[in-house]
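These notes concern the structure reproduced below.
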Amino acid sequence: MPMFQPFKGGGFDGHVIDLHTAVKDGVLGSGDGGEVKTAAVENELDLKTMITNLELPETPSVFICPISLEPMQDPVTLCTGQTYERSNILKWLSLGHRTCPTTMQELWDDAVTPNKTLHQLIHAWFSQKYVMMKKRSEDVQGRVIEIVGALRKAKGKEKVHALSELKGVVMAHEIAKKSVVDEGGVFVISSLLTPFTSHAVGSEAVAILVNLELDAVSKAGLMQPARVSLMVDMLNDGSIETKINCARLIGRLVEVRGFRAELVSSHSLLVGLMRLVKDRRRRSGVSPALALLKSISVHKQVRSLMVSVEAVPQLVDVLPCLGPECLESALYVLDSLCSDNEGVTALKDSVNTIPNTVRLLMRVSETCTAYSVSILWSVCRLASRECSSLAVELGLAAKLLLVIQSGCDPALKQRSAELLKLCSLHYSDTMFISKCKLAPTIQ
């Protein structure tokens, strides 16, 4: 069955295209300018497997089914000359349609004819790309083996050079990440992280490790106090990229079952993370820093350290500058601090706690509203008259009524009602009703 050659605009001009024309016109490349050996390749490579494994940014439009917008594996042509994936067009016809989906022409014949020429083209094109990908993968794997072998023997500046080259390969090729793991590269790189390791070596090593799939054994090896200590040092003194990588890598270690809280219970770590959170010039470090703070705030000894390094007022002050995702993490940390008396006291003593949390109610997400209500509840319960009055003057009562009347989670509504009742204790009925008016809150 002839195949129609598309215009650049996506239509058809009626010209027939064959394998030779496709190669000549560049639809199907030929490495040596010779014939394309489709029959031999077709026997060896499954088209579905190739399409699934290849992640190509662009595929020739003539290979794409107009219905699914996916590459065709079994192309068939209608009487109108339009070609579709067999399963897609048969489903269209089974629904009772008697028109061509692309042109909307009425079909005078509902038979579908296999487009063998196009199938050969598709298979040959994907086979060529697949073979090229396999060749590149083999080259990348070979280079990874060489670099990992060199790292075992390298000294001084040779280590930095080898690590830098390996980082480049890992960042450029997905297959390289698996190769590093398979060749024992994780152990080799982890062994370089010692108390005497320079930051030049350490930063390159961490940049590689944070991009690899680490198993439980690898993570256990990285959880040695000396290695975590080096990462904390680099988090404080390294480049912004190194700081982010250290925060991300420590965050992955914290998720491991059996992780010891003592490893992250350090003033230095918390100070470094808060510097990232407060850095107004380089905002790329805010999200990983808050994500790590969120993970370690479940430990009581870490929460105590947060209070001692004055992380509470610092977190409260940056709330207005954060995006939705970072905001949820920051509020989670502050809400976690409410589980300890010293944390609640620190929140009460921070002058911006009530203004900033009241402002967030019903403005960002239900999650942020829930954390804000929980924080306000803890603070107002600790110093009812002082904090409740301030919160009500800032419009808390009216916003709580909005929460109660909304379609949010019943537990959030219940806590909002309790907080509203707590705030009403210091006002007469008439006065409190006036505070619940919506207009001042909106303004």
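Net charge around LEU253, counting only other residues with Cβ within less than 15 Å of its Cβ (Lys, Arg = +1; Asp, Glu = -1)? Counting the neighbours of LEU253, the net charge comes to +3. Using R₀ = 60 Å, calculate the FRET efficiency as 1/(1 + (r/R₀)^6) where r is the Cβ-Cβ separation of THR194 and ARG98; round to 0.05. The calculated FRET efficiency here is 0.20.
Of ARG252, ARG257, ARG282, the order by accessible heavy-atom surface (1.4 Å probe, DNA, RNA and ligands excluded), from most exposed downward, is ARG257, ARG282, ARG252. Surface calculation, 1.4 Å probe, protein heavy atoms: HIS267 sits at approximately 100 Å² accessible. Annotation for the range 276-299 versus the range 155-197: alpha-carbon center distance of 26 Å. Relative intensity of the range 270-336 on a log10 scale, I(q)/I(0) at q = 0.13, 0.16, 0.25 Å⁻¹, equals -0.28, -0.44, -1.14, per a Debye sum over C-alpha point scatterers of equal strength in the absence of solvent.
The accessible area of VAL112, taken with all protein chains in place and a 1.4 Å probe, comes to roughly 40 Å². Computed 3J(HN,Hα) for the range 233-250, one whole-Hz value per residue from the Karplus formula 6.51 cos²θ - 1.76 cosθ + 1.60 where θ = phi - 60°, is 4, 6, 5, 8, 10, x, 5, 4, 5, 5, 4, 5, 4, 5, 4, 5, 5, 4, glycine and proline marked x. Between amide H atoms placed 1.01 Å from N, distances below 5 Å from THR99 occur with LEU107, all of them 5 or more places distant or on a separate chain.
Remark: accessible surface ordering of ILE244, ILE375 (largest first) is ILE244, ILE375, probe radius 1.4 Å. When you filter the GluC sites (Glu not before Pro) in the range 180-232 for DSSP loop state and at most 12 other Cβ atoms inside 10 Å of their Cβ, you are left with GLU213. Computed with a 1.4 Å probe over protein heavy atoms only, the accessible surface of the range 326-404 comes to 37 Å² per residue. When PHE432, PHE187, PHE196, PHE63 are compared by accessible area of protein heavy atoms, the largest-first order is PHE196, PHE187, PHE432, PHE63, using a 1.4 Å probe.
Couplings for the range 151-168, taken from phi via the Karplus curve 6.51 cos²θ - 1.76 cosθ + 1.60 with θ = phi - 60°, read 5, 5, 10, 5, 9, x, 5, 4, 5, 4, 5, 5, 5, 5, 5, 5, 4, x Hz in order; Gly and Pro are left as x. The convex hull defined by the C-alpha atoms of the range 46-114 has an orientation-averaged projected area of 4.9 nm². Taking a ≥ b ≥ c as the square roots of the eigenvalues of the Cα gyration tensor, an a/c ratio of 1.5 or more together with a/b no larger than b/c marks the range 324-443 as oblate.
Per residue, the solvent-accessible area of the range 46-114 (1.4 Å probe, heavy atoms of protein chains only, all protein chains present) comes to 57 Å².
Accessible area of LEU276 (1.4 Å probe, protein heavy atoms only, ligands and nucleic acids ignored): about 0 Å². For the residue pairs LYS153/LYS300; LYS294/LYS413; LYS91/LYS178; LYS294/LYS399, alpha carbon separations beyond 32 Å are given by LYS153/LYS300; LYS91/LYS178.
The values are calculated or read from the model by the stated rules, or taken from the named source; none is laboratory data. Small disclaimer: the values here were computed from a predicted structure and weren't measured. Glycine gets a Cβ as well: all are built from the backbone with ideal geometry, and neighbour counts include every protein chain shown. Quick note on the areas: whole protein, heavy atoms, side chains included, nothing else; ligands and nucleic acids left out. Shrake-Rupley method; radii C 1.70, N 1.55, O 1.52, S 1.80 Å.
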